[in-house]
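What follows is one structure encoded as structure tokens, with my remarks underneath.
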Amino acid sequence: MINQSQTLRALLPGDALTGGGIDGGNKAALAEIDASCRVPVLFFFLSGLAWLLAGTVLALVASIKLHTPGFLAGWEWLTFSNVRTAHLNTVIYGFASQISVGVTIWLMCRLCRIPLVAPGLITVANLFYNLGVTVGVGGILLGDSTAIEWLEMPRYATPILFISYALIAVWTLVTFRLRAERHLYVSQWYLLAAVLWFPWLYGTAQVMLLIEPVRGVVQAAVNWWFAHNVLGLWFTPIGLASIYYFIPKVIGRPIHSYYLSVLGFWSLALFYNWNGMHHLVGGPLPAWMITVSIVASVMMLIPVITVAINHHFTMVGHFGKLKYSPTLRFMVFGAVSYTLASLQGVASAVRSVSEVTHFTHHTIAHAHLGMYAFFTMVMFGAMYYILPRITQREWPSTGLISLHFWGVALGIVLYVVPMSIMGFIQGTMLNDAAVRFLDVVQFTLPWLKLRTLAGLLLAAGHVAFVLNVGWLLVRMFEPYRKPVVRILTGEAETVAAGK
Amino acid sequence: MSVIAFILLGSVVLLPAAGLLALRWATSTGQFRCPDKAALLPFDEVEPVGLETDRILGGNRR
């Protein structure tokens, strides 16, 4: 029988397995782990950020078209339906998923306490991934959308993406198998589950909707089962895994209750999978299917409250540190937004509320509260922590960090709050037979202009972040720079800035 | 139809079974036995409990 450490020693270069640890076992040095992650994590982060910029432009075009329909009207490949769909797929699959994978790689290596293994596997996954997204988004803009929400990429793009997802899942399992730390941290539970759940979700939905389509309304059921679970079983676990790691790490304090964190994970695994059908309230499905989904949605209060209590009590006494740590700012903003988005989601699942809000901008606001205010903010926070470590360089500009945070924080608040209110009013107007449809449309116009303004704030934040990342990379390629130790040690006054 | 049946079988039987196996593995290997120890896993000798590891804003930078 091969000893695990012997296997690792055969796989890893040099003396990677030095140093003690909680178990007294062999563990790799943090710096070596970070260095081993540099190239693949940077690949995923940089390609993700490129897709973020593309998705931001597409979002702005779509937003402007909603209140100024003549905008770019002469370009047939930029019709609202094409642009809006390309935006969604660009930011979900191009940006958010790639940043998720980058963060997952780094967290798994750190928590398994081994340098990155099989870098070739993860690099091939990245290449396949970007090829798949490019083909998919290009196909959407050329009019090849499948018109199935969250699965709009044409059939010829999805096998490429599936190969990538499968390779990422295999890599994560290999890393887990070779881990030097035998005990699992709660973040690893979330990450392992996410990388296994997503290929299953994606593969199942592809087969049941595109390759061998099921009939009639079952398609709608499968569609919403997939679309809702992408949020809850792919992005949410990775977001929560990040929060559970980075908040304690930044403030130097263990999480308030490890028991609660495990309870949160298993209750999410138990209840979330059932949630999707609450999007079909009023639809021609068996009532019990929708009712089960509503009940499961309300049961989601258990993991949500569990997570909220844990995060809050971990932070108690440390809120002053928000002033100094960009990672903490983004993480806490994301954690609070997770609670709010989940509570809004539970409320929206209830029949009487859904009947008002479902076909309105309220749903769009809710999606952005979850995907942006929660998940994207957490991913920004994670990148602020990871990038200096894998590049061994400090962030070049604190001004750009502040511009990024305040741009996106104000932008998303200005987006979500008015759109939630407007959507609710829009829903009551739509349900009133005495109100003309045109009056409803005209009512939304000023609110939609406010949405474009919010989008411009978000875009400014994105540009600031990308500029800072670019500047960081330029510094990385400078001939020699003494390693900056402040972030790594927390010693705020001992910056080594010399060459 | 056979592909659909395979997927449904996989979803209904294999995934919950995998979840139960994961839970059994976790309990048998003591993953839930020492919560205080597990909560310390993000920390080590280089970055121990009590050390802030991200303090870069606040006026002492350009």
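Taken together, the values in this text are just the output of simple stated rules run on the coordinates, not laboratory data. The shown structure was predicted, so the numbers you read here are calculated from the model rather than taken from an experiment. Note that each Cβ is placed from the backbone with ideal geometry, even for glycine, and that neighbours are counted across all protein chains shown.
Some points to look at:
- Shielding of B:28-38 by partner chains, average beta-carbon count, 10 Å: 4
- Spin-label pair A:Thr123-A:Val474: with each label point 7 Å from Cα along the Cα-Cβ axis, the two points sit 2.7 nm from one another.
- Region A:384-457: trypsin sites (Lys or Arg not before Pro) falling in loop per DSSP and having at most 12 other Cβ within 10 Å: A:Arg436
- Look at A:Phe437, A:Phe246, A:Phe359, A:Phe465 and count the other Cβ atoms within 10 Å of each Cβ; fewest to most, that gives A:Phe437, A:Phe359, A:Phe465, A:Phe246.
- Under 18 Å from the B:Ala26 label point (7 Å along Cα→beta-carbon), backbone N, region A:287-310: A:300-310
- Averaging 1/r over each pair of different alpha-carbon atoms in region A:126-240 and inverting the result gives 15.2 Å, the Kirkwood hydrodynamic radius.
- Panel order for A:Trp106, A:Trp171, by other beta carbons found within 10 Å of each beta carbon, from fewest to most: A:Trp171, A:Trp106.
- Listed residues A:Leu445, A:Ile305, A:Ala35: farthest to the positive end of the dipole of chain A (Cβ charges): A:Ala35
- Restriction of the trypsin sites (Lys or Arg not before Pro) in region A:59-164 to DSSP coil positions whose beta-carbon has at most 15 other beta-carbons within 10 angstrom yields A:Arg155.
- Subtracting the Cα-Cα distance of A:Arg182 and A:Thr291 from their residue separation scaled by 0.36 nm leaves 35.1 nm.
- Label-reachable residues, region A:107-140, where backbone N falls under 16 Å from a point 7 Å from A:Ala50's Cα toward its Cβ: A:123-138
- Pairwise label distance in nanometres, A:Glu149 with A:Leu456, each label 7 Å out on the Cα-Cβ vector: 3.0 nm
- Full extension of the chain between A:Thr134 and A:Arg351 gives 74.2 nm of extra length, using 0.36 nm per residue less the Cα-Cα distance.
- Karplus-derived 3J(HN,Hα) values for region B:44-55, using 6.51 cos²θ - 1.76 cosθ + 1.60 with θ = phi - 60°, are 7, 5, 6, 10, x, 4, x, 9, 6, 10, 7, 10 Hz; glycine and proline are entered as x.
- Compactness index (Cα Rg / 2.2 N^0.38 Å), chain A: 0.98
- Extension gain, A:Glu76 back to A:Val298 (0.36 nm per residue minus Cα-Cα distance, nm): 75.6 nm
- The mean number of partner chain beta-carbon atoms within 10 angstrom of a residue's beta-carbon across peptide A:141-153 is 0.
- Taking every C-alpha pair closer than 8 Å and separated by at least 6 residues, the mean separation divided by the residue count of region A:34-129 gives a relative contact order of 47 percent.
- Cross-link pairs A:Lys249/A:Lys321; A:Lys321/B:Lys37; A:Lys323/A:Lys449 - those with Cα-Cα distance over 23 Å: A:Lys321/B:Lys37; A:Lys323/A:Lys449
- Oblate is the label for region A:230-499. Its Cα gyration tensor axes, ordered a ≥ b ≥ c, give a/c of at least 1.5 and b/c at or above a/b.
- Here region A:340-359 is scanned for amide nitrogen atoms under 12 Å from the site 7 Å beyond the Cα of A:Val217 along Cα-to-Cβ, giving none.
- Helical runs (DSSP H, four residues minimum) scored at -39500 (n - 2.57) apiece and divided by the length of chain A put the mean residue ellipticity at 222 nm at -23000 deg cm²/dmol.
- Legend: ranking of residues A:Tyr338, A:Tyr156 from fewest to most surrounding C-beta atoms inside 10 Å; resulting order A:Tyr156, A:Tyr338.
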